[in-house]
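Shown next, in structure tokens, is the structure this report addresses.
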Amino acid sequence: MKHTLVALLRDQPGVLNRSVSLFRRRGFNIESLTVGHTETAGISRMTLVIDGDTTSVEQVIKQLYKLIDVLKVSDVTQDPNVTRDLLLVKVYAPPAKRSELMQLADIFGAKIVDVVPDAMMIELSGSPEQLDRFVDLIRPFGIREMVRTGCLAMTRGASTISGPYQTQEFRAA
Amino acid sequence: MKTLTGAQMMCEALIAEGVDVMFGYPGGAIMPFYHALPEYPQLRHILVRHEQAAGHAAEGYARTSGKVGVCVATSGPGATNLVTAIADAMMDSVPIVAITGQVVTSLIGKDGFQETDVTGITQPITKHNYLVTDVRDLPRVFKEAFHIARTGRPGPVLIDIAKDTQNARGVFEYPETIDLPGYKPNYDGNRRQIKEAANLLNQAKKPLIMAGHGILLGHASTELREFAEKTGIPVITTLLGISCIPEDHPLSLGMPGMHGWVHVNRAIQECDVLFTIGARFDDRVTGKLDSFARNAKIIHVDIDPAEVGKNVVTAVPIVGDAKRVLEHLTEIANPNDHSEWVNHIREVQATRSKRQRDPESGMFTPHHVYAEFTRIMQGEFRVCTDVGQHQMWAAQLIEYMKPHTHITSGGLGTMGFALPAAMGVQVACPNEEVWAIAGDGGFQMNLQELATVVQESLPLKICIINNGYLGMVRQWQELFHERRYSATPMWSPDFIKLADAYGIPGVRVERAEDVAEAIHQARATNGPFLIEFVVEREVNVYPMVAPGASISDMFEDPSEVEIEDVVAVK
Ligand SMILES: Cc1ncc(C[n+]2csc(CCOP(=O)(O)OP(=O)(O)O)c2C)c(N)n1
Ligand SMILES: [Mg+2]
């Protein structure tokens, strides 16, 4: 089963490198990894997707916690959450195929962000599964170039992943 | 306001951390630090002959004193020479701080002369590391580094400091507090879990304690003993746990694992509750995992949450400090007596382990050396062993009576460890008898340190167990590689003449009858002394569990391997 983990990291030199090198060294299989800024300056947030059948999720969490600059790791898989991936894809699109492609894009709520005589660039954000389905559908048209950001996740409701940590220790500091 | 150079700050920080000695070797990128050092006479610096030795000496110092060991090297080759010792400290959870010089900031990343990315290289083998390029960061970084090295599960921390940063000036204010929101080791252990462990142990018919390095690192020997005595539970000690309980204690059974005793491995297989504390179920201890402790519920106490549940399924996990958990556990556990169970194990010991203490007559083997050593020394010694057969025999056969008297490279198994580590031990315990015991192979990996021993007037006693082979590898070749002795026969120089060249007296011993005399002579010598024991060349360490086999399948004789492959103990 796939697990989605969210980790908060202090922006210190090498913290991303340490995390990634840890995954390599311990043989953890990471399917997707994204890092970005958060609501707090100096704190980054990493979202990881791991295959729980081949990699021990408990070990990933515990080993990440051993890194001095990792503040919090949370497995949000079982929590109600929103996961999002962003796709940019350049499809072969001669004039005869354009409208068909545009229809598909429309159904998925994707945006056409660039059109040239032979090709079209489409942008779509959604759950990773939604993106998979869309990509499958447009594949027959001929994909020339494609990139996905990897998965971001946030739990639903008012509570936050940094909740207890931020109210107690961090604010005091 | 008065300002200091970065180099002076480094010295001030070391003093603030209670450091009084360090082991090191200078070079270009660390010269500002060495320039400042003479201004601080309270900081003793021991010049080694190879940076690896500085690392092991810092380890030996830390492994005995419980204080953080410090080693210093220059950038590039100096730093890379430290790598083995840092990895060794990481595997055995030894608190050391390694300080390296780095090329000037403007050259970093440009392949400057003697630049290596030492923070990159040591990332997986340090608990944490730092590259400092701003002098204002120095006090905080030193404070954090020592804190991280000595707290929680101890380990090595490296601080790499650019040369211009050592020369830059700034105001020195050593921080009193530490702000590491992501680092909060848990010491106390969950009360409910400890209660559950007590219940399990109270009900157990055949409980067993497996004690590891964590007892020594956590200074919990007394607590361990009190717990064992109150509950009547026998104790086995892993290679790195050796000396955490006096070996003549009625509840002390000895070492488990690949070269552990038959009765100890049998006890693991028969026990119904295995209480493991400060040990991490290394494969050399467990053998084939799925047959390890197969009748037991396992309680695992460790300060490192990541060790709990890593290798074995745990019935009761407890994350906490050995001392605190044991104190609490002793308080709530029922007094008990398990003499029937202990006697049962002792019976196995009487029938299955005797031969090893009593080698065949006519041969001069390390057994004689270690038996005489134990008899003469009466527990008043500290021993550093190297890696190989002599190490396993020293673990099996010497009797250790006091904590931190057996120092060895366990997790990494680093040949060349004994001599430099013993230097560190001797510096930590200047008035005690410190013995370095190495094989003919391992001794030659760091023998250059004889010069350091002399220059620093360290009264080390050095034993070489010379079997003319890389003995442990030869043993595996004999048993598992058709006796193909590929690259294991080893020529050595005349060790006595060699010692003489360093001004160290020594004797060569070739007969069992002469062992005692040589040991007495070494002890009577005021200063370092070297004994070369020329022993039988092809003797094997038994009993043994073949790599990957179950610890139920120990053999005690090569013929047993050839005829039946392995003799099932149970
Ligand atoms: C640095 C290093 N290189 C290689 C090994 C592999 N190794 C383990 S034991 C051993 C033989 C050691 O020979 P010696 O020092 O003579 O000790 P003996 O086993 O003969 O007692 C070797 C080569 C090691 N442990 N460490
Ligand atoms: Mg040898």
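The values are calculated or read from the model by the stated rules, or taken from the named source; none is laboratory data. This is a predicted model, so every value here is computed, not measured. A quick note on method: Cβ atoms are made from the backbone with ideal geometry, for glycine too, and the neighbour counts reach across all protein chains shown. Accessible surface is based on the protein model in full, side chains and every heavy atom, while ligands, DNA and RNA are left aside. Shrake-Rupley method; radii C 1.70, N 1.55, O 1.52, S 1.80 Å.
Structure summary
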| read-out | value |
| --- | --- |
| Positions within the stretch B:433-458 being of a type in the set (Asp, Glu) and more than 13 Å from ligand 1 (Cβ to nearest atom), in sequence order | B:Glu433, B:Glu449, B:Glu456 |
| Matching residues, the stretch A:42-52, being in a loop (DSSP other than H, G, I, E, B) and either under 17 Å from A:Met1 (Cα atoms) or more than 14 Å from chain B (Cβ to nearest Cβ) (or both) | A:Gly52 |
| Qualifying residue in the stretch B:135-152 (condition: outside the structural domain of B:Phe227 (by the TED database), touching a Ser or Thr at 6+ places or on another chain (Cβ under 8 Å), open to solvent by less than 60 Å² (accessible area, probe 1.4 Å) and more than 20 Å from A:Gln12 (Cα to Cα)) | no |
| Pick from the stretch B:78-115, criterion hydroxyl-bearing (Ser, Thr, Tyr) and either part of a helix (DSSP H, G or I) or surrounded by fewer than 21 Cβ atoms within 10 Å (Cβ to Cβ) (or both), ranking: farthest from the chain's Cα centre (by Cα) | B:Ser106 |
| Residue count, the stretch B:497-522 (criterion: over 18 Å from B:Gly441 (Cβ atoms) and open to solvent by less than 40 Å² (accessible area, probe 1.4 Å)) | 10 |
| Candidate set from the stretch B:306-328 (those that are touching a helix residue (DSSP H, G or I) at 6+ places or on another chain (Cβ under 6 Å) and open to solvent by 50 Å² or more (accessible area, probe 1.4 Å)); member that is farthest from the other protein chains (Cβ to nearest Cβ) | B:Glu327 |
| Scan of the stretch B:469-491 for residues that are within 11 Å of ligand 1 (Cβ to nearest atom), open to solvent by 10 Å² or more (accessible area, probe 1.4 Å) and in a loop (DSSP other than H, G, I, E, B), ordered by number | B:Leu470, B:Ala487, B:Met490 |
| Some residue of the stretch B:368-385 being within 13 Å of ligand 1 (Cβ to nearest atom), in a strand (DSSP E or B), in contact (Cβ under 8 Å) with a residue 40 or more places away in the chain and assigned by the TED database to the domain that holds B:Ala516 | yes |
| Residue identified as at pLDDT 95 or above, assigned to a helix (DSSP H, G or I) and of a type outside the set (A, V, I, L, M, F, W, C) among A:Arg144, A:Arg139 | A:Arg139 |
| Count of residues meeting criterion [out of contact with any Lys or Arg (no Cβ under 9 Å at 6 or more places or on another chain), open to solvent by 20 Å² or more (accessible area, probe 1.4 Å) and farther than 21 Å from B:Thr365 by Cβ] in the stretch B:523-537 | 2 |
| Selection count where residues are more than 9 Å from ligand 1 (Cβ to nearest atom) and either open to solvent by 10 Å² or more (accessible area, probe 1.4 Å) or among the basic types (Lys, Arg) (or both), scope the stretch B:459-468 | 2 |
| Whichever residue in the stretch B:386-406 is aliphatic (A, V, I, L, M) and within 16 Å of ligand 1 (Cβ to nearest atom) and, among such residues, is nearest to B:Val473 (Cα to Cα) | B:Val387 |
| Count of residues meeting criterion [more than 16 Å from ligand 2 (Cβ to nearest atom) and either over 19 Å from the mean Cα position of the chain (by Cα) or not in a helix (DSSP H, G or I) (or both)] in the stretch B:420-448 | 8 |
| First in the stretch B:199-211 and assigned by the TED database to the domain that holds B:His338 and closer than 14 Å to B:Ala293 by Cβ, second anywhere and aromatic (Phe, Trp, Tyr) and part of a helix (DSSP H, G or I), Cβ under 6 Å, 6 or more apart | B:Lys206/B:Trp341 |
| All positions within the stretch A:12-40 that are among the charged types (D, E, K, R) and within 12 Å of chain B (Cβ to nearest Cβ) | A:Arg18, A:Arg24, A:Arg25, A:Arg26 |
| Test for B:Arg294: is it more than 14 Å from chain A (Cβ to nearest Cβ) and of a type outside the set (S, T, N, Q) | yes |
| Set B:Glu360, B:Glu331: member being at pLDDT below 95, open to solvent by 50 Å² or more (accessible area, probe 1.4 Å) and away from ligand 2 (no atom under 16 Å from the Cβ) | B:Glu360 |
| Restricting the stretch A:102-156 to residues that are exposed (fewer than 14 other Cβ atoms within 10 Å of the Cβ) and in contact with a Pro (Cβ under 7 Å, 6 or more places away or on another chain), the residue that is nearest to A:His37 (Cα to Cα) | A:Arg156 |
| Single residue of B:Ile299, B:Ile303 found to be within 25 Å of the chain's Cα centre (by Cα), surrounded by 20 or more Cβ atoms within 10 Å (Cβ to Cβ) and within 14 Å of chain A (Cβ to nearest Cβ) | B:Ile303 |
| Helices (runs of 4 or more DSSP H) completely within the stretch B:179-278 that count 3 or more residues being of a type in the set (A, V, I, L, M) and either open to solvent by 30 Å² or more (accessible area, probe 1.4 Å) or closer than 30 Å to B:Tyr542 by Cβ (or both) | B:213-217, B:262-270 |
| Criterion violated by A:Arg24 - all others in (1) in contact with a Ser or Thr (Cβ under 9 Å, 6 or more places away or on another chain); (2) surrounded by fewer than 16 Cβ atoms within 10 Å (Cβ to Cβ); (3) charged (D, E, K, R) satisfied | (1) |
| Residues (more than 14 Å from chain B (Cβ to nearest Cβ), open to solvent by 70 Å² or more (accessible area, probe 1.4 Å) and touching a helix residue (DSSP H, G or I) at 6+ places or on another chain (Cβ under 8 Å)) located in the stretch A:53-99 | A:Tyr92, A:Lys97 |
| Matching entry among B:Met22, B:Met31, B:Met1 (being surrounded by 18 or more Cβ atoms within 10 Å (Cβ to Cβ), closer than 24 Å to B:Asp137 by Cα and out of contact with any Ser or Thr (no Cβ under 7 Å at 6 or more places or on another chain)) | B:Met22 |
| Among the residues listed as B:Ala279, B:Ala322, B:Ala306, B:Ala296, the single one being outside the structural domain of B:Pro459 (by the TED database) and touching a Cys at 6+ places or on another chain (Cβ under 7 Å) | B:Ala296 |
| Matching entry among B:Val348, B:Val387 (being within 27 Å of the chain's Cα centre (by Cα) and either modelled with pLDDT of 95 or more or of a type outside the set (S, T, N, Q) (or both)) | B:Val387 |
| Condition check for B:Asn526: outside any helix (DSSP H, G or I) and more than 16 Å from ligand 1 (Cβ to nearest atom) | yes |
| Some residue of the stretch B:403-413 being assigned to a helix (DSSP H, G or I) and either in contact with a Pro (Cβ under 7 Å, 6 or more places away or on another chain) or open to solvent by less than 30 Å² (accessible area, probe 1.4 Å) (or both) | no |
